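Written out below as C-alpha cells is the structure these notes cover.
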Amino acid sequence: MTISVQRLANVDYVTLNRPEVRNAFNEHLIAEMTAWADRAAADSSLRGVVISGAGASFCAGADVAWMAKMAGYTRDENLRDARAAAAMFAAIDRLPMPVIAQIHGAALGGGAGLAAVADIAVAADDATFGFTEVKLGLIPAVIAPYVVAKIGQSAARELFITGRRFGAEHARHIGLVHAISPANDLYDRVNKYLIEIAVNGPEAMSAAKALIRQIANLSIAEAAPITAEAIAERRVSAEAQRMMKGFLKK
C-alpha cells in the first residue's frame, strides 16, 4: 500500500507512505488516493481529513521511475495517465468535509498541488515548496486550476515560469498556506484546527465549500440570487434550526 489511513474520532488521517522516495507520486499512489477519496466522499460519519507524509517530506512530486516510464509513453498513454492524476485532485477537491494538509519537508510539484486542494494548509516553518516542473521541460498542468484559484494569476505566473523553490513564509504570503508552525508543534497546530471545526455544523461546512465553488467565477450580480437561495435553504435546515436554538438558549 502506498498510503495508510487511520480513523480517529471521525477524522481520516491519510499518510502518503512512500518515504523512501519522499512520498513521490506514481500511478499506484494516485489510484489509491482516488479510491480513498471516493469512499470518503460517501461516508456521512466522516467529519474531517488530515493529509500528511511519512518520513522526511510531505510529497516531492512525481516519482523518478514513474517519470522514466512516462518518457516512453505514447501521447494517448500520457493522456490517460494525466487524466488519472486530474481525477485524483478533483476527488480530493470535492470532498464535502474539511481537508487539512499537514506539510513538512518538501512539497514540490504535485505535492504543492495537494496543498492547493486542501481547505486548510498548515506547514512546518522549514517546509519547502515549488512548482518545479519547468526544470524538466514540463508544466504544472493538472494542478493549475487549484493553484491559480488559491494563489492567483500573478503569483502563479512567477512561480510556474521560474520553477523556483520557496519557503513557508512566502507560501503563506501568497495564500498557499494558512498557518506556519515549528516542525515539532505541527501536529498540535493541526489539532487546533480540528478542535475548531468539531463544533461546526458538518452540513453547513459542506454547503460553504460547495458555495465557494459555485460562485468563484461569477459576478456579484450573478452570485447574488445563488447566495440568497443558499442562506434561505440553510436557515430552514434541521441542522441550522437545532444549532441556532441551542445558541439562542444561551
Exercise for the section: With the checklist (1) in contact with a Pro (Cβ under 7 Å, 6 or more places away or on another chain); (2) crowded, with 23+ Cβ neighbours inside 10 Å; (3) within 17 Å of S4 (Cβ to Cβ) in hand, flag the one item G109 doesn't pass. Expected result: (3)
Handout entry: Sole exception among (1) of a type in the set (V, I, T); (2) more than 28 Å from A118 (Cβ to Cβ); (3) touching a residue at least 12 places away in the same chain (Cβ under 8 Å) for I197, by number
Key = (2)
Practice task
Tell me, yes or no, whether region 194-209 has at least one residue that is in the same structural domain as T132 (by TED's automatic domain parsing) and at positive phi.
Solution key: no
Exercise for the section: May I ask you to verify whether Q214 is touching a residue at least 12 places away in the same chain (Cβ under 8 Å) and either loosely packed, with under 14 Cβ neighbours inside 10 Å or not assigned by TED's automatic domain parsing to the domain that holds D12 (or both)? Expected result: yes
Exercise for the section: Would you mind telling me which numbered condition in (1) surrounded by fewer than 19 Cβ atoms within 10 Å (Cβ to Cβ); (2) farther than 16 Å from Y13 by Cα; (3) more than 17 Å from the chain's Cα centre (by Cα) A86 fails? Expected result: (3)
Practice task
Would you tally the residues in region 128-172 being in a loop (DSSP other than H, G, I, E, B) and among the basic types (K, R)?
Solution key: 1
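Quick check: is even one residue across region 35-44 without any contact (Cβ under 8 Å) to a residue 60 or more places away in the chain, touching a Ser or Thr at 6+ places or on another chain (Cβ under 7 Å) and either surrounded by fewer than 18 Cβ atoms within 10 Å (Cβ to Cβ) or under 25 Å from A124 (Cβ atoms) (or both)?
no
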Exercise for the section: Quick one: count up the residues across region 1-30 that are within 17 Å of A87 (Cα to Cα) and exposed (fewer than 15 other Cβ atoms within 10 Å of the Cβ). Expected result: 1
Completion exercise
Taking region 125-138 and keeping residues among the hydrophobic types (A, V, I, L, M, F, W, C) and surrounded by fewer than 14 Cβ atoms within 10 Å (Cβ to Cβ) leaves L136
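The values are calculated or read from the model by the stated rules, or taken from the named source; none is laboratory data. What you see is a predicted model; the values in this text were computed from it and never measured. So basically every Cβ, Gly included, is an ideal-geometry build from the backbone, and we count neighbours across all protein chains shown.
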